[in-house]
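The next block holds one structure in the form of structure tokens; read it before the comments.
The values are calculated or read from the model by the stated rules, or taken from the named source; none is laboratory data. Because the structure is predicted, anything quoted here is derived from the model rather than measured. Ideal geometry is used to build each Cβ from the backbone, glycine not excepted, and the neighbour counts take in all protein chains shown. Note: accessible area is taken over every heavy atom of the protein model, side chains too, but ligands, DNA and RNA are not part of it. Shrake-Rupley method; radii C 1.70, N 1.55, O 1.52, S 1.80 Å.
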Amino acid sequence: MDSEREAIRALGGVHDGVFWLEEEAPSFGPPLGHHEEVDLVIVGAGFLGLWSAILAKERFPEWEVVVVEGGRVGFGASGRNGGFVDASLTHGLENGLGRWPDEMVELERLGGENLAAIADFVERHHIDCDLTLAGGIDVATEGWQLDGLEEYAQKARTFGHETKVLDRQGVQALVHSPRYEGGLLTTNRTALVNPAKLAWGLAEVASSLGVRIYEGTTVTGVSAAGGMIDVTTAQSGSLRSAKVILATNAFPSLLPGVGSFVIPVYDYVLMTEPLTPSQLESVGWDGRQGLSDLGNLFHYYRLTDDNRILWGGYDAIYHYGSRMSSAYRLRSSTHLLLARHFFETFPMLEGVRFTHAWGGAIDTSTRFSMFFGSRHQGKIQYALGFTGLGVGATRFAAQVLCARLEPKESAFDHLSLVRTKPVPFPPEPLRSVAVAVTRRSLMQADAHGGRRNFWLRTLDRFGVGFDS
């Protein structure tokens, strides 16, 4: 099969749109058109903002809590991701061990508890979001990716991971692909979800608790005013609040000096038409696990509830000056590359068509994980830098932010993950040069048995990097 030709054919007639968001979204509130004085304003109605609203209202039921969102609930990364809910709070065990080795027992425990709490919340509130605790498989498509896998698995088991190394026969028994050389099956650290339905479900719960949500309300500034915080908008409404949580993630920060700690990286996704029973049988995948590659530049993919395959990742794109634009939601060269990789992985699915193509920005930090900060004597709190793992980690971040709304020290403030910030990205034009050199180096490493060049080894030494 000519994978290039098949990719072009399969993309014929593909729809420019996010599959998850195609279902008619419920409306949760009109634009803010008046002035209000409240206890807590949350800017952003994605996962971080919605979890923060719910946890704050549960913690302080007497508070008036308002959420303002420039678009619709779940419009940003929360509604357009792959729907992987990972237990990791540190962007993987190895990244965490390299940065916070003395805290990893606690961080892994907290991550496991966070995943369990999300699953329990969904069940308890009857949120129809197709959540399944499917587990995950990290697949090796090159022999070098198997090196050290057994050693890693043994280490992971000490942190409670239920994991097993797979040889070629073992991985092929689970999912069929001529490219798979082996892999790592972990059954208790990954769930899959329809992310838009999860966001809408969280908004419904928040509303039922008395949280007011104003959609179509773009916040233009936050400033201190007489012991309170003024929140201005591009519309006619305004707010004054005792506390503010900023949950803007990849979008430009409303606080000066914060933008250097994150960059928006565009990630791209394809969705196939539903597989027929015979097509699904040709792939196997009876366990319906979430899959990702073990390469430096990796794909992530999973089955949906109606047996489509979501296929994304690999080609993370940064635009000069940290620019964001709706024009970046599609990138034909990247979608063609993804389609070609899809048919190289699953040649037995020749003839399948892609129905949806989209993209979106991820807030990436140099340490690959979330970080926290505050302004104006703690009246403004924020979390950023989730680097692709925000579906799960945002709930933990909301716990941290809500605990910090009280003047006393919180139960999380002893953690270096919470107390410290990543190394900032350099200013332009160095930023674009560094990102481009890093991406090129990662591609070279994948092409040369995983060997990291001087540039990557230097970044490793200083604990910085670039990822999506």
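With every protein chain left in place, what is the accessible area of W20 in Å² (1.4 Å probe, nearest 10)?
10 Å²
Going Cα to Cα from K197, which lysines come in below 27 Å? Please leave out same-chain ones fewer than 8 positions away.
Within the straight-line cut-off, K197 pairs with K57.
Can you pull the percent of the chain's accessible area that's carbon plus sulfur, 1.4 Å probe, other chains left in place?
53 percent
Going by accessible area, probe 1.4 Å, with all protein chains left in place, what is the ranking of R452, R302, R440, R404, largest first?
The residues order as R440, R452, R404, R302, largest area first.
Find which of S241, L270, L115 sits farthest along the positive direction of the dipole of the chain, computed with +1 on the beta-carbon of Lys and Arg, -1 on that of Asp and Glu, about the Cα centre.
S241
For region 223-311, what is Rg from Cα atoms divided by 2.2 N^0.38 Å, rounded to two decimals?
Here the Cα radius of gyration is 1.83 times the empirical estimate.
Over what distance in Å are the Cα centres of region 240-266 and region 311-336 separated?
21 Å
In nm, give the distance between the simple-model label positions of E58 and D39, each being 7 Å from the Cα along the Cα-to-Cβ direction.
Placing both labels 7 Å along Cα→Cβ, they lie 1.6 nm apart.
Rounded to the nearest 20 Debye, what is the dipole magnitude of region 49-130 about its Cα centre when Lys and Arg each give +1 and Asp and Glu each give -1 at the C-beta?
300 debye
Using a simple charge model, +1 on the beta-carbon of Lys and Arg, -1 on the beta-carbon of Asp and Glu, nothing else, what dipole does region 37-192 show about its Cα centre, in debye to the nearest 20?
360 debye
Which order, highest average first, do 250-259, 206-215 follow once you tally other Cβ atoms within 10 Å for each residue and take the mean per peptide?
206-215, 250-259
Report, please, the projected area of region 309-348 averaged over directions, based on the convex hull of its C-alpha atoms, in nm².
Approximately 3.4 nm², given one-decimal rounding.
Scattering from the C-alpha atoms of region 176-330 alone, worked out with Debye: what is log10 I(q)/I(0) at q = 0.13, 0.21 1/Å?
The computed values of log10 I(q)/I(0) come out as -0.91, -1.43.
Straight-line reach from K379: which aspartates and glutamates have Cα under 15 Å away, leaving out those fewer than 8 places along the same chain?
E37, D39, D230, E406, E409
Give the value in nm², to one decimal: projected area of the alpha carbon convex hull of the chain, averaged over all directions.
Taking a quarter of the hull surface, the average projection is 21.1 nm².
When only C-alpha pairs under 8 Å and at least 6 residues apart count, what is the relative contact order of the chain, in percent?
With pairs under 8 Å counted, the relative contact order is 24 percent.
Top to bottom by accessible area (1.4 Å), largest first, where do L280, L415 land?
L280, L415
Region 1-86: which GluC sites (Glu not before Pro) are DSSP loop and have at most 11 other beta-carbon atoms within 10 angstrom?
Those satisfying the criteria are E23, E24, E62.
Let's see if you can work this out: charge +1 on each Lys and Arg Cβ, -1 on each Asp and Glu Cβ, no other charges. What is the dipole magnitude of region 254-346 about its Cα centre, in debye to the nearest 20?
Approximately 420 debye in magnitude.
Identify all lysines with a Cα-Cα distance to K155 below 20 Å; exclude those on the same chain that are fewer than 8 residues away in sequence.
Reachable lysines: K164.
In the full protein assembly as shown, how much of K197 is accessible to a 1.4 Å probe, in Å² to the nearest 10?
The accessible area of K197 comes to roughly 40 Å².
Along the principal axes of its C-alpha atoms, what lengths does region 6-84 span, in descending order and rounded to whole Å?
58, 30, 17
On the full set of protein chains, 1.4 Å probe, figure out the accessible area of D446 and give it in Å² to the nearest 10.
Surface open to solvent at D446 totals about 40 Å².
Rolling a 1.4 Å sphere over the protein heavy atoms, what is the accessible area per residue of the chain, to the nearest Å²?
Dividing the accessible area of the chain by its residue count gives 40 Å².
Kindly provide log₁₀ I(q)/I(0) values, in the same order as q = 0.12, 0.15, 0.19 Å⁻¹, from the Debye equation applied to equal alpha-carbon scatterers of region 244-377.
After summing over all Cα pairs, the log10 values are -0.58, -0.81, -1.09.
State log₁₀ I(q)/I(0) for region 197-249 at q = 0.17, 0.30 Å⁻¹ as given by the Debye formula over alpha-carbon point scatterers of equal weight, solvent excluded.
With no solvent term, the Cα-only Debye profile gives -0.67, -1.18.
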